[in-house]
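The values are calculated or read from the model by the stated rules, or taken from the named source; none is laboratory data. Owing to the predicted nature of the structure, the values given are computational and were not obtained by experimental measurement. Here the Cβ is made from the backbone with ideal geometry for all residues, glycine too, and neighbour counts use every protein chain on show. Only protein heavy atoms, including side chains, enter the accessible area calculation; ligands, DNA and RNA are left aside. Shrake-Rupley method; radii C 1.70, N 1.55, O 1.52, S 1.80 Å.
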Amino acid sequence: MKTPVTVTVTGAAGNIAYSLLFRIASGEMLGADQPVILNLLEITPCLEKLQGTVMELDDCAFPLLAGIVATDEPAVAFKNADWCMLVGSVPRKAGMERKDLLSINGKVFVGQGQAIAANAKPTCKVFVVGNPCNTNCLIAMHNATGLPKENFFAMTMLDELRAKSQLAAKAGVHSSEITNMCIWGNHSATQYPDFTNAKIAGKPATQVITDEEWLKGEFIATVQQRGAAIIKARGLSSAASAANAALMTVKQLVNPTPEGDWFSVCTITVEGNAYGLPVGIICSQPTRSNADGSYSIVEGLVIDAFSKEKIAATCDELLAERCDVSNLIG
Ligand code: NAD
Ligand code: LMR
């Protein structure tokens with residue numbers, strides 16, 4: 001039996017967690033032979049609701065679930081964590097942009113970044129779902145003194161899967177035929193789903209879908225606005241699909257990426273990066289996981305003038321968000 005991996009999930013009584021926790025406990029995220037301990041963090045008023053989720057986890061009798069800690073104390077929740085999945089934060093309502101949440105949610109990631117640095121394993125990985133996830137991740141990273149900056153991630157997998165589903169529907173193929181789909185930039189209405197480098201059944205997507213107007217217009221807009229469309233339809237933001245994307249991201253990060261493919265995740269941009277992105281933002285880029293557990297940004301993709309403009313716009317938004325939280329990142 002392997003040593004259990006400790007996964008901390010914040011916002012554990014919330015909607016996303018209600019889908020996510022059971023799938024983590026079943027072994028779907030870290031593997032069918034990997035026991036997990038779930039450390040669940042909530043705010044005090046939601047502890048009773050969290051107890052209901054804990055009872056349901058108990059009632060599943062998952063063979064791989066090696067322990068559950070439910071708490072409102074970050075120091076307890078992050079103790080010895082291998083993975084910190086930061087879901088807990090307020091979702092937006094219809095008519096809001098995700099960045100409108102910064103003034104409410106941003107400060108949560110100061111305290112949690114500090115608590116992670118003080119309590120989690122020095123090798124822990126931190127994955128932010130709570131919106132606006134890129135800049136919340138930046139805040140957590142800046143406040144987690146001593147932890148490697150490259151261990152901080154934010155989620156654009158949901159956008160990638162949305163983009164794949166849209167391309168598949170247009171091309172009349174199954175979504176599993178869509179590969180090499182990258183979301184660039186911010187998990188926001190400026191994100192750029194890069195159809196120019198995507199493939200459909202191994203062929204360039206632009207050879208299979210020749211409707212350039214659709215690709216440059218409706219396709220991009222649909223992916224950018226999908227979160228808002230779900231809020232409008234459901235009256236609540238995406239939850240099961242967000243949990244699925246969170247699970248898929250961690251799965252992608254812990255398993256080597258199939259040859260020739262890549263996936264989308266937001267990570268810190270560094271000096272001398274391959275695409276001339278501004279340094280020091282948490283930006284979605286084409287990423288591959290390596291056999292040793294590290295990751296690399298895919299270099300050498302052709303970025304045409306249209307893509308360049310879109311990527312610059314989303315990076316500009318990330319720079320502006322960074323400016324807005326300058327008081328939280330020291
Ligand atoms: P929710 O309101 O159902 O649940 C959030 C939970 O977080 C609540 O139970 C709340 O009590 C808890 N919480 C708030 N502050 C906390 C804190 N300081 N510590 C611990 N717990 C805290 O919301 P949800 O639908 O689960 O969504 C959670 C977040 O995920 C939202 O910000 C939402 O916008 C975001 N989201 C991101 C993506 C993405 O693709 N990145 C997708 C969907 C949702
Ligand atoms: C999403 O993309 O579904 C989430 O970020 C929720 C939202 O606010 O749109």
| message | Just the residues that are farther than 13 Å from Ile24 by Cβ and within 16 Å of ligand 2 (Cβ to nearest atom), please, taken from region 47-89. | response | Leu86, Gly88, Ser89
| request: Quick one: which residue in Ala229, Ala243 is out of contact with any Asp or Glu (no Cβ under 7 Å at 6 or more places or on another chain), within 16 Å of ligand 2 (Cβ to nearest atom), under 27 Å from Gly27 (Cα atoms) and at pLDDT 95 or above? | output: Ala243
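Can you say whether Ile37 is under 21 Å from Lys2 (Cα atoms), open to solvent by 30 Å² or more (accessible area, probe 1.4 Å) and not in a loop (DSSP other than H, G, I, E, B), as far as the supplied structure shows?
Numbers: under 21 Å from Lys2 (Cα atoms): yes; open to solvent by 30 Å² or more (accessible area, probe 1.4 Å): yes; not in a loop (DSSP other than H, G, I, E, B): yes.
Taking the combined requirement at face value, the residue satisfies it.
Answer yes or no as to whether Leu65 is open to solvent by less than 50 Å² (accessible area, probe 1.4 Å), touching a Phe, Trp or Tyr at 6+ places or on another chain (Cβ under 9 Å) and within 21 Å of Ala243 (Cβ to Cβ). Quick ask: steps written out before the conclusion?
Values: open to solvent by less than 50 Å² (accessible area, probe 1.4 Å): yes; touching a Phe, Trp or Tyr at 6+ places or on another chain (Cβ under 9 Å): no; within 21 Å of Ala243 (Cβ to Cβ): yes.
Answer is no for this residue.
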| query | Going through region 277-295 one residue at a time, which ones are open to solvent by less than 30 Å² (accessible area, probe 1.4 Å) and at positive phi? | reply | Gly280
| said: So the check is Cβ under 7 Å with 6+ separation or different chains; which pairs have a first residue in region 290-310 that's assigned to a loop (DSSP other than H, G, I, E, B) and a second one that's among the charged types (D, E, K, R)? | reply: Val298/Arg288
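Which is crowded, with 22+ Cβ neighbours inside 10 Å and charged (D, E, K, R), of Glu73, Glu56, Glu48, Glu42?
Glu42
Looking at region 149-180, which of its residues are within 16 Å of ligand 2 (Cβ to nearest atom) and assigned to a loop (DSSP other than H, G, I, E, B)?
Narrowing region 149-180 to residues within 16 Å of ligand 2 (Cβ to nearest atom): 153-166.
Met155, Thr156, listed by residue number.
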| said: Out of the residues in region 79-96 meeting the condition of being away from ligand 1 (no atom under 11 Å from the Cβ) and in a loop (DSSP other than H, G, I, E, B), tell me which one is surrounded by the most Cβ atoms within 10 Å (Cβ to Cβ). | reply: Ala81
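Condition check ((1) open to solvent by 10 Å² or more (accessible area, probe 1.4 Å); (2) within 16 Å of ligand 1 (Cβ to nearest atom); (3) in the same structural domain as Ala25 (by TED's automatic domain parsing); (4) among the hydrophobic types (A, V, I, L, M, F, W, C)) across all residues:
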position: Ala201; (1), (2), (3), (4): yes, no, no, yes
position: Gln207; (1), (2), (3), (4): yes, no, no, no
position: Ala221; (1), (2), (3), (4): yes, no, no, yes
position: Arg234; (1), (2), (3), (4): yes, yes, no, no
position: Glu259; (1), (2), (3), (4): yes, no, no, no
position: Phe263; (1), (2), (3), (4): no, yes, no, yes
position: Thr269; (1), (2), (3), (4): no, no, no, no
position: Tyr275; (1), (2), (3), (4): yes, no, no, no
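Would you please name the residue that is nearest to ligand 2 (Cβ to nearest atom), looking only at residues in region 181-204 that are in a loop (DSSP other than H, G, I, E, B) and of a type in the set (Ser, Thr, Tyr)?
Looking only at region 181-204, we keep the residues that are in a loop (DSSP other than H, G, I, E, B), and these are 181, 186-191, 195-198, 201-202.
With the extra rule that they be of a type in the set (Ser, Thr, Tyr), the set shrinks to 188, 190, 196.
Details: Ser188: 8, Thr190: 13, Thr196: 23 Å.
Among them, the one singled out is Ser188.
Is it true that some residue in region 9-19 is assigned by TED's automatic domain parsing to the domain that holds Pro91, in a strand (DSSP E or B) and either open to solvent by less than 40 Å² (accessible area, probe 1.4 Å) or touching a residue at least 12 places away in the same chain (Cβ under 8 Å) (or both)? Working first, answer last.
Initial filter on region 9-19 (assigned by TED's automatic domain parsing to the domain that holds Pro91): 9-19.
From what's left, in a strand (DSSP E or B): 9-10.
If we keep only those that are either open to solvent by less than 40 Å² (accessible area, probe 1.4 Å) or touching a residue at least 12 places away in the same chain (Cβ under 8 Å) (or both) too, we end up with 9-10.
Yes: one or more hits.
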